[in-house]
Amino acid sequence: MDVFKFAYFPFVNAAAKYVQELDFKLDELFTERAFDPIRERGKNRVLEAIGDGIKRNVNPDKVSAEKELLSYPVARILVSCINDSYLIKRYALSEAKSAFEKVKELRDDEIGELASDFNIDSSMNEKLFVIHFTDYIRFANVIHEPKWKLVNRNMDLGKVSLSRDDFSRIMEEAIRKRIESGLPAAVPGDICETLRPYLDEIRNALSARKSEFNIEEFKEIMPDCFPPCIVHALSNVQAGVNLAHSMRFALVSFLINIGMNVDGIIEIFKVSPDFDEERTRYQVNHIHGDTGTAYTSPSCSTMTTYGNCFGKEPLCDRISHPLSYYRKKAWLLKKGKPEYKETPVTSFS
Ligand code: SF4
């Protein structure tokens with residue numbers, strides 16, 4: 001790969017090495033005026049991730065390719081200074097989705113080279129990419145469409161054959177995972193302070209995005225009373241991360257139980273990478289009881305058993321069901337108990 005490719009795939013190891021070998025200190029990227037346009041582009045990367053998705057620029061020459069490449073570490077530093085779990089997930093997903101479009105344009109041997117950066121050993125068999133099933137599971141396990149289940153794949157001697165599009169989708173997931181697992185990076189406080197004007201702009205956009213989500217979809221109910229596990233699940237969905245089946249069921253049944261309508265719930269899942277409206281509607285209607293049984297959301301002990309109890313807080317010790325948490329918190333807010341008033345109404349982080 002050369003610098004023009006690094007501009008599109010700045011998260012590969014060779015791109016990081018390229019940046020290290022450039023003739024300047026990394027600190028200067030955040031302080032020197034000469035790097036203003038790069039900081040601006042880094043900020044826009046994050047704003048685009050909060051908005052409609054990161055756009056990949058066309059880089060006509062080496063200088064513009066290097067600028068685009070350098071805007072990536074800037075964006076990572078900005079995201080790390082803010083350190084918001086919703087933003088981290090959304091940013092990582094947006095970088096991965098944007099890269100996916102470029103992966104599809106690569107030649108077969110270039111896709112193979114990119115895959116090896118993620119320790120995925122691939123080969124070609126006719127027009128199909130072939131990878132070991134353990135690599136397949138490593139990245140496909142969060143994609144919930146039936147065709148991604150291992151049993152629905154052609155496997156021969158432990159190897160799975162994939163079309164070019166499906167292998168590119170695996171690469172998208174590998175990229176998302178790498179970016180997300182590297183965030184937040186440890187950033188010295190003085191660098192975050194230097195970047196304050198950029199951070200303020202991003203924080204404003206982020207809180208506008210979150211409040212838009214709350215107001216549009218939850219106006220009939222009380223999102224500030226949601227238990228931490230449900231807030232966590234919603235943050236993941238809104239960041240485009242596919243939920244495990246048990247968590248998806250817990251979230252949908254909770255929202256139905258507190259009175260949210262089916263269309264409102266479907267709206268929430270529209271940002272999922274593998275969103276399928278018909279399938280989602282069927283599942284939500286089923287949990288809603290349209291086929292005869294109305295489901296109650298799982299208790300705290302079931303949530304714990306399935307690893308879905310995230311972010312327990314003191315109120316959790318006084319209840320045994322997420323619905324009880326919701327009711328209790330609503331009661332406490334109504335009574336004006338001061339210790340529960342501080343929860344921000346629009347916070348999903
Ligand atoms: S204790 Fe219950 S309500 Fe609290 S986070 Fe865990 S599952 Fe949710």
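The values are calculated or read from the model by the stated rules, or taken from the named source; none is laboratory data. Keep in mind that what you see is a predicted model, and the values were worked out from it rather than measured. Neighbour counts run over all protein chains shown; Cβ positions are idealised from the backbone, glycine included.
A few comments on the model shown:
- Filter result for the condition that a residue is of a type in the set (Lys, Arg) and within 23 Å of residue 8 (Cβ to Cβ), over 127, 102: 102
- Single residue of the range 219-238 satisfying the filter (assigned to a loop (DSSP other than H, G, I, E, B) and buried (at least 22 other Cβ atoms within 10 Å of the Cβ)) that is farthest from the ligand (Cβ to nearest atom): 226
- Of all residue pairs spaced 6 or more apart or on separate chains, those with beta-carbon atoms under 7 Å, a first member in the range 175-197 that is under 23 Å from residue 15 (Cβ atoms) and a second member that is outside any helix (DSSP H, G or I) are 175/11; 178/11; 178/118; 179/11; 184/83.
- If you check 163, 168 for being small (Gly, Ala, Ser) and surrounded by fewer than 19 Cβ atoms within 10 Å (Cβ to Cβ), only one passes: 163.
- Checking each residue in the range 296-312 for being at pLDDT below 90 and within 7 Å of the ligand (Cβ to nearest atom) picks out 310, 311, 312.
- Among the residues making up the range 151-185, those that are within 20 Å of the chain's Cα centre (by Cα) and outside any helix (DSSP H, G or I) are 182, 183, 184, 185.
- Checking every residue in the range 183-198 against the condition of being surrounded by 16 or more Cβ atoms within 10 Å (Cβ to Cβ), closer than 21 Å to residue 238 by Cβ and modelled with pLDDT under 95 gives at least one match.
- Hits in the range 313-322 - residues which are of a type outside the set (S, T, N, Q), modelled with pLDDT of 90 or more and near the ligand (Cβ under 9 Å from one of its atoms): 315, 316, 317, 319, 321, 322
- The range 314-332, residues that are assigned to a helix (DSSP H, G or I) and polar (S, T, N, Q): 324
- The residues on offer are 48, 68, and the sole one that is in contact (Cβ under 8 Å) with a residue 40 or more places away in the chain, surrounded by 16 or more Cβ atoms within 10 Å (Cβ to Cβ) and out of contact with any helix residue (DSSP H, G or I) (no Cβ under 6 Å at 6 or more places or on another chain) is 48.
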